[in-house]
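The values are calculated or read from the model by the stated rules, or taken from the named source; none is laboratory data. Since we're looking at a predicted model, the values are computed, not measured. Every residue, glycine as well, gets a Cβ built from its backbone with ideal geometry; the counts of neighbours run over all protein chains shown.
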Amino acid sequence: MTTARNRQICLEATRYYHIVSRCVRRSFLCGIDELTQQSYEHRRAWIEKRLLYLAQYYCIDICAYAVMSNHYHIVVHVNTDKAQKLTDRAVITRWGKLHHLPPLAHKYLADNVSSKAEHEALQRYIITWRERLQSISWFMRELNLYIANMANKEDDCTGHFWEGRYKCQALLDDKALIAAMAYTDLNPVRAGVSHAPEHSNYTSIKARVRGSKRLYPFKQQHQNANKGELPISLLEYIEIIDWTSRVSFQGKNSLPPHSPHILQRLSFNDSDWLNACTNIENCRAAIIGSKQSFGAVMKLMCRKREHGLKI
């Protein structure tokens, strides 16, 4: 039985989510189909380009992403504060970059709206668009529909390209957030399609190492995180990625002599960290966080049982 979206996405509980969307009918995003020997590698660029394009206009920040052969992962931050601070004109302009605007909106942008009835009608539009610009469901709809249309056109067929529902996991605290980001960035290494995280094409870790400014920013080194920043620095995150990839994927069951200090600051023990970085998707958890985080959000997310991954 599927879970209602209002029990998976609760912005009062958290604004961070790990999302996975998968293809159907043996569809490929990238790589070579062994049945037809056709390469679909170029489709990975479709996802990355569209994802970052939508993030320019939606109030949804991209923390991490990885595009795989028949699915992709993204970790997002719903920036509700940014959405509420947008002016009416900014809301209309952003929505107009992605959709056809009604004539009334064009009149407003040309400063030709004068009557009270027109202003009231326009406000109804703006309220709706403002809500949609901070909606994960609308963001995913825009992303997946665009890619499905392009793939169907290329394949000269019709029908579903994606599974009916994307998987969504609420990330309740900093530990869950960083674990989900690491899980996402290390997907190509785990799958054996890349020998090192920084060489993994179409991932956020490669984009960040190359200096991309289009992703949700890390905090500055040796400074406290400000609002609108991830809770650790880029160098600390790279240290986590490097350490985790070595321990998880080279068969080492024991810790290196000196553990990275960031793990201690985030209150992880090593087995918890490796479990989180290797089992986030397999555990079928709808929410992820520390034991303390679970108790605070059960009522908000309309849940009676604490079914999730505790780290």
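Structure summary
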| read-out | value |
| --- | --- |
| Lone unmet requirement of (1) under 17 Å from the mean Cα position of the chain (by Cα); (2) among the aliphatic types (A, V, I, L, M); (3) under 21 Å from A191 (Cβ atoms); (4) at pLDDT below 95 for A64 | (4) |
| Members of segment 211-245 found to be in contact with a helix residue (DSSP H, G or I) (Cβ under 9 Å, 6 or more places away or on another chain) and at positive phi, listed by number | G228 |
| In segment 33-64, the residues that are touching an Asp or Glu at 6+ places or on another chain (Cβ under 9 Å), closer than 24 Å to L177 by Cβ and not charged (D, E, K, R) | L54, A55, Y58, C59, A64 |
| Residue list for segment 124-140, restricted to those being under 20 Å from K82 (Cβ atoms) and loosely packed, with under 14 Cβ neighbours inside 10 Å | I127, T128, E131, S137 |
| Counted residues, segment 31-51 - those being surrounded by fewer than 16 Cβ atoms within 10 Å (Cβ to Cβ) and under 29 Å from H99 (Cα atoms) | 4 |
| Residue match in segment 98-119 (condition: surrounded by fewer than 20 Cβ atoms within 10 Å (Cβ to Cβ) and under 19 Å from I62 (Cα atoms)) | yes |
| Residues being in a helix (DSSP H, G or I) and either in contact with a Lys or Arg (Cβ under 9 Å, 6 or more places away or on another chain) or farther than 23 Å from I238 by Cβ (or both) - total across segment 34-60 | 12 |
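To keep it simple, each residue is scored yes or no on (1) on the phi < 0 side of the Ramachandran plot; (2) among the small types (G, A, S); (3) modelled with pLDDT under 95; (4) assigned by TED's automatic domain parsing to the domain that holds L98.
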residue: C10; (1), (2), (3), (4): yes, no, yes, no
residue: T14; (1), (2), (3), (4): yes, no, yes, no
residue: C30; (1), (2), (3), (4): yes, no, yes, no
residue: D33; (1), (2), (3), (4): yes, no, yes, no
residue: Q37; (1), (2), (3), (4): no, no, yes, no
residue: R43; (1), (2), (3), (4): yes, no, yes, no
residue: I47; (1), (2), (3), (4): yes, no, yes, no
residue: L54; (1), (2), (3), (4): yes, no, no, no
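Residue-by-condition table, conditions (1) over 30 Å from Y53 (Cα atoms); (2) at pLDDT 70 or above; (3) in a strand (DSSP E or B):
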residue: S245; (1), (2), (3): no, yes, no
residue: S267; (1), (2), (3): yes, no, no
residue: T278; (1), (2), (3): no, no, no
residue: L300; (1), (2), (3): yes, yes, no
residue: H307; (1), (2), (3): yes, no, no
